[in-house]
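Only one structure is covered here, and it is reproduced in the block below.
The values are calculated or read from the model by the stated rules, or taken from the named source; none is laboratory data. Keep in mind it's a predicted model, so treat the numbers as computed, not measured. Cβ placement follows ideal geometry from the backbone for every residue including glycine, while neighbour counts extend to all protein chains displayed.
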Amino acid sequence: MNLNQKQRDALISILEYEQTHDPKEFSLGWTWSDVRVPPATLNNLLLKGLVEEKYHSNNSRGLLLTELGREQSSLLTEPAKAYEKAQDEILTLPDELFEDIIGHDDIKELLTAVLLAEKPVHVLLAGPPALAKSLFLWDMERACGEQAIWLVGSATSKAGLWDLVAEREPRILLIDELDKMSAADTAALLSLMEGGRLVRAKKGRTLDVTVPIKVVAATNQVAKLSSELKSRFAVCKLKPYDAVRYRTVVKGVLVRREGANTELAEEIAQKLEGKSQDVRDAVRVTRLSPQLGTDKAIALLLS
């Protein structure tokens, strides 16, 4: 049900009142002053069928939650309970987090704070290809281990994604190519980001669970995202690398992650200059160079 923040807060206050007071105290209903909810907000809840009128006089009226109101109120409190449970699972970050990424110090600081925050803050890394967006996602996946799930927006449909999220209950959801996610999966993501509630309805397969989660996503095309989806994120725009920083990043990734020796990493970084700014191209060249040699691998991959 579509409720604004005032209506949600009102339902939670009403549920708390009914659960903490003897029903005999409000056998004819409670008043707006009992639950500290303005009459205008109560009128809106009445129209939505979430409260019902039990008593009415010239001076006052008594109201109670309906069955639908109790159901909606309980759903609103479930995410908070889940967040409390999630806080018991301490996330420890390695000292070398993001060490392969040159520059972007403000992004590093923000993402570290997001990973350690008690409650979710969602971040969108935006900009053209080859700006270390995927590197950030890779580092977070490595640091968070089983507490993170990585996915690619263009490959989420029909992949049982939401079943996997519901089963594993990760703390972090990492999404590359967010702009390519299907409309159905985007709708589920919106619900998940808003209150930690994951809802999906398919014939014979329904899903309605609470999963407190932080979302860090990357996209090349912010303009393709709906305004509703963009509003869920803190949008961070990455600036392009210059040639020197690109070579430094490539060498760091190839040596630490691909096991390349320093000479090969330096050679590949130099030969890719002017041909690519995508670190993934350097990784591909490194993996193919034993079979093809560096020059031929670059020619075949980047022709």
- Task: Output the residue which, of all residues in region 87-101 that are more than 25 Å from Pro212 (Cα to Cα) and crowded, with 20+ Cβ neighbours inside 10 Å, is modelled with the highest pLDDT.
- Result: Ile101
- What do you reckon, is His21 surrounded by fewer than 14 Cβ atoms within 10 Å (Cβ to Cβ), touching a Phe, Trp or Tyr at 6+ places or on another chain (Cβ under 9 Å) and either over 30 Å from Tyr246 (Cα atoms) or at pLDDT 85 or above (or both)? yes
- Task: Kindly provide the set of residues from region 134-193 that are over 30 Å from Glu96 (Cβ atoms), among the small types (Gly, Ala, Ser) and at pLDDT 75 or above, ordered by number.
- Result: Ser182, Ala183, Ala184, Ala187, Ala188, Ser191
- Task: Of the numbered conditions (1) touching a residue at least 24 places away in the same chain (Cβ under 8 Å); (2) in contact with a helix residue (DSSP H, G or I) (Cβ under 6 Å, 6 or more places away or on another chain), Glu53 fails exactly one; give the number of that condition.
- Result: (2)
- Return yes or no: is Glu228 assigned by TED's automatic domain parsing to the domain that holds Ala132, more than 22 Å from Trp138 (Cα to Cα) and acidic (Asp, Glu)? yes
- The lone condition Ile12 fails out of (1) under 17 Å from Glu71 (Cβ atoms); (2) among the β-branched types (Val, Ile, Thr); (3) part of a loop (DSSP other than H, G, I, E, B) is (3)
- Query: How many residues does region 256-287 hold that are part of a helix (DSSP H, G or I) and within 22 Å of Asp176 (Cβ to Cβ)?
  - Reply: 11
- Hey, could you check region 215-229 for residues that are among the aliphatic types (A, V, I, L, M) and assigned to a strand (DSSP E or B) and say which is surrounded by the fewest Cβ atoms within 10 Å (Cβ to Cβ)? Val215
- Task: Scan region 194-246 residue by residue and report those that are modelled with pLDDT of 70 or more, among the hydroxyl-bearing types (Ser, Thr, Tyr) and either more than 22 Å from Val152 (Cα to Cα) or touching an Asp or Glu at 6+ places or on another chain (Cβ under 7 Å) (or both).
- Result: Thr219, Tyr241, Tyr246
- Item | Given (1) crowded, with 17+ Cβ neighbours inside 10 Å; (2) aliphatic (A, V, I, L, M); (3) under 18 Å from Asp100 (Cα atoms); (4) touching a residue at least 24 places away in the same chain (Cβ under 8 Å), number of the condition Ala243 does not satisfy | (1)
- Task: Report whether or not Val249 is modelled with pLDDT of 80 or more and part of a strand (DSSP E or B).
- Result: no
